[in-house]
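Data block below; observations after.
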Amino acid sequence: MNTYSLEAKHYFSRELLAWYNRSKRDLPWRRHRNPYYIWVSEIMLQQTRVDTVIPYFHRFIDKFPSIEALADAPEEDVLKCWEGLGYYSRARNLQSAAREVKEQYGGQVPSDKKAVSDLKGVGPYTTGAILSIAYNQPEPAVDGNVMRVLSRYFLIEEDIMKGSTRAFMEGLVVELIPEGEASNFNQALMELGALVCTPKSPQCLTCPVMEHCAGRIAGMEESLPVKTKAKPPRPEYRAVALVEGVGAEKGKVLIRQRPSEGLLARMWELPHELAPQQAALAGADDAEQMDMLRGVLYEEGISVVPDHFHMQAEHTFSHIHWNLRVYRCTAAANDSSLPANYRYIEAKDMEELAFPKVFLTILNSYFAMV
DNA sequence: AAACCGGGGCT
DNA sequence: AGCCCAGGTTT
């Protein structure tokens with residue numbers, strides 16, 4: 001139990017709900033109460049903005065209109081549909097969970113808390129979102145938006161990165177949900193965070209609960225929520241081979257598929273290799289980098305002749321910053337047997353293979369040039 | 001609790 | 001250039 005007054009809580013719930021009913025956005029997954037649509041949208045919306053998700057959502061539902069269609073699709077197709085959205089384990093987990101729902105629950109998204117939360121890729125937030133939005137169950141769905149709104153309105157100065165703070169807010173949300181309004185109320189909380197109670201420069205003057213917002217009254221709305229900041233990504237310097245085929249592979253480019261686990265699992269990419277730390281710090285010259293690439297590929301069973309520097313590129317993950325230097329190479333021989341995860345492709349082959357954004361950019365500009 | 005896992009948009 | 005985001009899984 002907490003010490004906030006019943007009056008402050010009732011006011012908050014009442015005014016927020018009324019505001020939502022007149023201001024909610026018309027979003028594709030709000031047009032039906034289809035648990036599958038809500039599930040897909042919630043997975044896509046993890047760490048991703050609404051405007052980015054909308055076109056992906058339309059394409060995804062068009063290609064995989066039902067849980068069974070998603071369960072029966074080749075994983076390759078699902079990854080391709082997710083290409084550019086990031087956090088690709090979301091896509092693989094979603095399909096894995098769709099297969100589970102098809103087999104165990106007759107293709108219907110379960111409405112039981114444990115069953116939902118046991119699905120791959122579904123954690124505490126998404127469990128609450130599915131149960132409340134799809135089935136109107138009074139479960140909390142506490143994401144970054146909700147924690148920001150609550151930390152300001154109730155002036156909560158606990159670090160939102162701590163599990164105990166999230167647990168406290170989940171308890172608070174359960175008290176705040178008006179009878180029979182879990183779906184609308186949880187969406188209202190997130191909608192306010194997205195549209196009004198924004199991270200920077202919140203629009204307090206248009207906020208439906210401004211009058212009793214303790215954070216604003218204290219003049220602290222800009223400094224809440226309290227959040228420990230993440231470590232900056234570590235830099236990595238990588239040499240990339242853009243290998244042009246010869247003979248039967250003339251006009252094609254060599255690509256490879258990443259391992260099935262870890263960073264960018266099962267995505268396609270240009271061959272590349274981490275530059276030794278010493279060389280990276282010294283700003284190794286291109287000749288040295290090209291020689292390193294040639295040697296690494298030779299060890300893999302691929303003979304190439306690096307030719308010249310082609311372009312530079314960068315790619316930032318949550319924890320790594322890639323500095324890429326791309327080198328044009330020519331295949332030295334018609335390797336009759338490439339390693340299993342390597343192949344040559346032409347431009348049109350990219351329509352069915354999923355690449356991380358940075359390789360998509362490099363390949364598209366290359367194929368447009370030649 | 002901390003590390004791992006993408007990418008885009010805003011300031 | 002740094003900050004933020006409609007988080008989950010693994011260790």
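The values are calculated or read from the model by the stated rules, or taken from the named source; none is laboratory data. Please read all numbers here as calculations on a predicted model, not as lab measurements. Every residue, glycine as well, gets a Cβ built from its backbone with ideal geometry; the counts of neighbours run over all protein chains shown. Areas reflect the complete protein model, heavy atoms only, side chains present, ligands, DNA and RNA absent. Shrake-Rupley method; radii C 1.70, N 1.55, O 1.52, S 1.80 Å.
For A:Lys63, a cut-off of 24 angstrom between C-alpha atoms picks up these lysines, skipping any fewer than 8 places away in its own chain: A:Lys80, A:Lys102, A:Lys120, A:Lys348, A:Lys357. One quarter of the convex hull surface built on the alpha carbon atoms of region A:6-223 amounts to 11.8 nm², the projected area averaged over directions. Split the accessible area of chain A by element, probe 1.4 Å, and carbon with sulfur accounts for 50%. For A:Val122, no residue 5 or more places off, or on another chain, has a built amide H under 5 Å of its own.
Under the combined filter of DSSP loop state and at most 10 neighbouring Cβ atoms within 10 Å, region A:35-69 retains these trypsin sites (Lys or Arg not before Pro): A:Arg49.
Only bridges whose two residues both fall in chain A count here: according to DSSP, what percent of them are antiparallel, nearest 5?
Here the antiparallel bridges make up roughly 65 percent for chain A.
For the options A:Ala73, A:Ala248, A:Ala141, a Gaussian network treatment of chain A with springs between C-alpha atoms closer than 10 Å singles out A:Ala248 as fluctuating the most. The phi torsions of region A:20-33, fed into the Karplus equation with coefficients 6.51, -1.76 and 1.60 and a -60° offset, translate into couplings of 4, 5, 9, 10, 5, 6, 8, 10, x, 7, 9, 7, 9, 9 Hz, rounded to whole numbers, with Gly and Pro shown as x.
At full extension, A:Ala347 and A:Asn364 could sit 5.3 nm farther apart than now, given 0.36 nm per residue minus the alpha carbon distance. For region A:158-257, trypsin sites (Lys or Arg not before Pro) meeting the loop criterion (DSSP other than H, G, I, E, B) and having at most 11 other Cβ atoms within 10 Å: A:Lys200, A:Lys229. Counting only Cα atoms, region A:193-329 measures 74, 35, 27 Å along its principal axes, largest extent leading.
Extension gain A:Asp62-A:Leu205, at 0.36 nm per residue separation less the Cα-Cα distance, in nm? The partial results should precede the final answer.
Values: separation 143, 0.36 × 143 = 51.48 nm, distance 4.01 nm.
Once the chain is fully extended between A:Asp62 and A:Leu205, it gains 47.5 nm.
Report, to two decimal places, the Cα Rg of chain A normalised by 2.2 N^0.38 Å (N = number of residues). Write out the running numbers ahead of the final one.
Numbers: Rg = 25.0 Å, N = 370, 2.2 N^0.38 = 20.8 Å.
After normalising by residue count via 2.2 N^0.38 Å, the value is 1.20.
The GluC sites (Glu not before Pro) of region A:199-249 include none that meets both criteria, a DSSP state outside H, G, I, E and B (loop) and at most 15 other C-beta atoms within 10 angstrom of the site's C-beta.
A 1.4 Å probe run over chain A, with the rest of the protein chains in place, finds 49 Å² accessible per residue.
Stokes-Einstein D for region A:1-83 at 25 °C, 0.890 mPa s, Kirkwood Rh over Cα pairs, in µm²/s?
160
If you build the Cα gyration tensor of region A:144-251 and take the root of 5 times each eigenvalue, what three semi-axes come out, in whole angstrom, biggest first? The partial results should precede the final answer.
Details: eigenvalues 371, 70, 47 Å².
Gyration-tensor ellipsoid for region A:144-251: 43, 19, 15 Å.
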